[in-house]
1. Residue by residue through segment 28-60, note down the ones that are part of a strand (DSSP E or B), within 9 Å of the chain's Cα centre (by Cα) and surrounded by 12 or more Cβ atoms within 10 Å (Cβ to Cβ).
2. Looking at this structure, is Glu13 part of a helix (DSSP H, G or I), without any contact (Cβ under 8 Å) to a residue 40 or more places away in the chain and loosely packed, with under 12 Cβ neighbours inside 10 Å?
3. May I ask you to list pairs of residues, at least six apart or on different chains, whose Cβ atoms are under 8 Å apart, with the first in segment 35-64 being more than 14 Å from Ile7 (Cβ to Cβ) and the second being among the basic types (Lys, Arg) and at pLDDT 95 or above?
4. Taking Tyr25, is it of a type outside the set (D, E, K, R), under 15 Å from Ile61 (Cβ atoms), loosely packed, with under 15 Cβ neighbours inside 10 Å and in contact (Cβ under 8 Å) with a residue 24 or more places away in the chain?
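The values are calculated or read from the model by the stated rules, or taken from the named source; none is laboratory data. As the structure is a prediction and not an experimental result, all values here were calculated from the model. Here the Cβ positions follow ideal geometry from the backbone for every residue, glycine too, while neighbour counts run over all protein chains shown.
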Amino acid sequence: MKGYYFIENTVDEWSTREVGSFETYAEAIEALAECEDWYRPKGTGRIYFQEFGLHKTPKLIYKA
């Protein structure tokens, strides 16, 4: 299945933002070490997989 991985972090009490996109899961995990949710330490956030195509829903792969 073709697609990409992306990291999403909270930026305040109500909002989230995509902070990076990656070709592989390994790259996303490595980058997550430098990401952080609002009011949390580095290494926190969520990694999703987004399949290419119409009407595809991102799938949560990892949550820290």
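1. Within segment 28-60, the subset part of a strand (DSSP E or B) is 36, 42, 46-51, 59-60.
Those left that are additionally within 9 Å of the chain's Cα centre (by Cα): 46-49, 60.
The answer is Arg46, Ile47, Tyr48, Phe49.
2. Details: part of a helix (DSSP H, G or I): no; without any contact (Cβ under 8 Å) to a residue 40 or more places away in the chain: yes; loosely packed, with under 12 Cβ neighbours inside 10 Å: yes.
No.
3. The qualifying pairs are Glu51/Lys2; Glu51/Lys59; Phe52/Lys2.
4. On the way: of a type outside the set (D, E, K, R): yes; under 15 Å from Ile61 (Cβ atoms): yes; loosely packed, with under 15 Cβ neighbours inside 10 Å: yes; in contact (Cβ under 8 Å) with a residue 24 or more places away in the chain: yes.
Criteria met by Tyr25.
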